[in-house]
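K.L.:
Structure in structure tokens, see below.
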Amino acid sequence: MPAIDINRVRAEAAAIAGFYGDPENFVVATREFFQSHSAPIYRQSSVVTVNAPLKTYGTPTPVLRALVNSLRKYATRYSQHTLMMAERLWADPIREQRTLAVELLGLIVTASPNEAAEVMNHWLNTLDDLELIDLLATQVGGPWLAGDLWGRLESVRRWLNSPHKHQRRFGVMMLLPLAKSRNFGDVSSVLEVMTGVMRESDLEVRKSVAHLLRDLSANGPGEVARFLSSWADTVDQNTNWIVRHSLEKLDEDTRMQITAIAGGRSRA
């Protein structure tokens, strides 16, 4: 692929913004934009059920970001149009189109949390693509949760207790933006809802749980240490895996104490 002409990309992206409010022409224009700046491929997510893999143009990230930036002021100014555009983009089974749909929805989730949550839930009901699950969780779910943490944590608990692994993954990943925030101070509330995934059988979900716990350690090392200690004395191998892979950011003495509680089962 030739080097990206970012000035050309920005000019094309600005032209596409002229179709905002016209869903059909907008979808066609964005699809042609992505295709012209990449080579079509098919790539399957590492977590897929019966659905066919989405077509992917392999669009470079700077190209996608240029388009999102060109649409930002329209998306935030005309939230109802944005909801309509996002839904229409999502109906197009192309990864870049759905990625753009998530990005647009993320731009209005703070201003229109109820409407954005309704769309988010609708998409999540049939979503089994790991990459898009993570994007939807961090770009839309995380900001939605942060807008009313204590009022919305019960929704997260339901996702974490879902019989569907993709929804459990979503619940974990939407907590990640909070965990990464330097100003987040209620680690205990997040830990309290995580009981449903501490015996997680799916490896990808387990990885996300351990990642979340490591990030929470930065803001609440004591709370995370107590939480892991309470789960360390277990014969459940899935729990044991999570505990062992969540210790990295705790101090050495704490890691040794929790490893000792776990009966010395400290091999990776």
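A quick yes/no check of all residues on (1) in a helix (DSSP H, G or I); (2) at pLDDT 95 or above; (3) at negative phi:
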| position | (1), (2), (3) |
| --- | --- |
| 17 | yes, no, yes |
| 21 | no, no, no |
| 39 | no, no, yes |
| 70 | yes, yes, yes |
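K.L.:
Scan the stretch 153-167 and tell me whether some residue there is in contact (Cβ under 8 Å) with a residue 60 or more places away in the chain and either surrounded by fewer than 20 Cβ atoms within 10 Å (Cβ to Cβ) or in a helix (DSSP H, G or I) (or both).
P.N.:
The answer is yes, given that some residue of the stretch 153-167 is in contact (Cβ under 8 Å) with a residue 60 or more places away in the chain and either surrounded by fewer than 20 Cβ atoms within 10 Å (Cβ to Cβ) or in a helix (DSSP H, G or I) (or both).
K.L.:
Let me ask something additional. Is it the case, given these coordinates, that residue 206 is modelled with pLDDT under 95 and of a type outside the set (A, V, I, L, M, F, W, C)?
P.N.:
Spelling it out, it is not the case that residue 206 is modelled with pLDDT under 95 and of a type outside the set (A, V, I, L, M, F, W, C).
K.L.:
Checking residue 183 against (1) more than 17 Å from the chain's Cα centre (by Cα); (2) touching a residue at least 12 places away in the same chain (Cβ under 8 Å); (3) part of a loop (DSSP other than H, G, I, E, B); (4) surrounded by fewer than 18 Cβ atoms within 10 Å (Cβ to Cβ), only one condition comes out false. Which one?
P.N.:
With (1) more than 17 Å from the chain's Cα centre (by Cα); (2) touching a residue at least 12 places away in the same chain (Cβ under 8 Å); (3) part of a loop (DSSP other than H, G, I, E, B); (4) surrounded by fewer than 18 Cβ atoms within 10 Å (Cβ to Cβ) applied to residue 183, the lone miss is (2).
K.L.:
Inspect the stretch 232-240 for any residue being at pLDDT 95 or above and not assigned by TED's automatic domain parsing to the domain that holds residue 135 and give the result as yes or no.
P.N.:
Of all residues in the stretch 232-240, those at pLDDT 95 or above come to 238-239.
Subsequent filtering for residues that are not assigned by TED's automatic domain parsing to the domain that holds residue 135 retains 238-239.
Scanning the stretch 232-240, I find at least one residue that is at pLDDT 95 or above and not assigned by TED's automatic domain parsing to the domain that holds residue 135, so the answer is yes.
K.L.:
Now for a different question. May I ask you to list the residues in the stretch 117-135 that are of a type in the set (S, T, N, Q) and either part of a helix (DSSP H, G or I) or crowded, with 22+ Cβ neighbours inside 10 Å (or both)?
P.N.:
Matches in the stretch 117-135: 121 only.
K.L.:
Could you run through the stretch 84-143 and say how many residues are of a type in the set (D, E, K, R) and within 22 Å of residue 60 (Cα to Cα)? I'd like the intermediate steps shown before the answer.
P.N.:
At the first step, the residues of the stretch 84-143 found to be of a type in the set (D, E, K, R) are 87-88, 92, 95-96, 98, 103, 115, 118, 128-129, 131, 134.
Narrowing the set further to residues that are within 22 Å of residue 60 (Cα to Cα) leaves 92, 95-96, 98, 103, 129, 131, 134.
So the count comes out to 8.
K.L.:
Show me the helices (runs of 4 or more DSSP H) entirely contained within the stretch 198-268 in which 3 or more residues are touching a Leu at 6+ places or on another chain (Cβ under 8 Å) and surrounded by 15 or more Cβ atoms within 10 Å (Cβ to Cβ).
P.N.:
Where helices (runs of 4 or more DSSP H) fall fully within the stretch 198-268 and carry at least 3 residues being touching a Leu at 6+ places or on another chain (Cβ under 8 Å) and surrounded by 15 or more Cβ atoms within 10 Å (Cβ to Cβ), they are 203-219, 221-232, 252-261.
K.L.:
Going by the conditions given, is residue 193 in the same structural domain as residue 70 (by TED's automatic domain parsing) and part of a helix (DSSP H, G or I)?
P.N.:
No; evaluated as a whole, the condition is false for this residue.
K.L.:
Residues of the stretch 125-159 being within 11 Å of the chain's Cα centre (by Cα) and among the hydroxyl-bearing types (Ser, Thr, Tyr), which ones?
P.N.:
138
The values are calculated or read from the model by the stated rules, or taken from the named source; none is laboratory data. Here the structure is a predicted model, which means the values were calculated and not measured. Glycine also receives a Cβ, built like all others from the backbone with ideal geometry; neighbour counts cover every protein chain displayed.
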